[in-house]
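What follows draws every value from the coordinates through simple rules; no lab data is involved. All of these numbers come straight from a predicted model, not from anything done at the bench.
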Amino acid sequence: MTAETASAGKEGWIASALARFESPLLHYAAHITRDMELARDVVQDTFLQLCLADRARIEPALAGWLFAVCRNRALNVCRKEARMTTLDDPAQDIPAPDDTREAAVKRETYRRLFEVVGSLPQNQQEAFELKFRDGLNYREISEILGVSLGTVSNLIAAALRAVRTEFSPECDRAQEA
């Protein structure tokens, strides 16, 4: 393989990673930094690191590697900027309101869910969101957060218990109907 072919292959791989992960990483970095401009810088730095990295070493665990680099960079930026905060109002993720009763119920459910998740300790929030919003597996979350698989399992289980506790009366009513 020529150097030109290898370069084209790496460029395609990076372009593919950018297309797949840019949006989730931007959302993740924005959650940590609470600043969209800082989040864009963090994600740009993350992909610059990808350009410099050894593809053979990273490719088998690309998602976990990207999220870990993004998280570390975002936390460093927050420390530097002294901007670390908790989840305030993720209502921007909720689609524009409709006039239907079903849409109103859905918005209220989302609001309550975000409220419950936002009240969790930071490490539970982060594990829960990496699992259910970003679709990462426990091993990837473990690598990103720098904790054991058992700890990831405990964090997610505790978050799910809190959500179930909040929503259990509704679940019970739905099962009875």
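What to note about this one:
- The alpha carbons of region 3-81 stretch over 41, 19, 18 Å along the principal axes, in descending order.
- Excluding same-chain neighbours fewer than eight residues apart, the lysines reachable from K106 by a Cα-Cα span under 25 Å are K131.
- Extension gain for R20 to L113 (0.36 nm times residue separation, less C-alpha to C-alpha distance): 30.8 nm.
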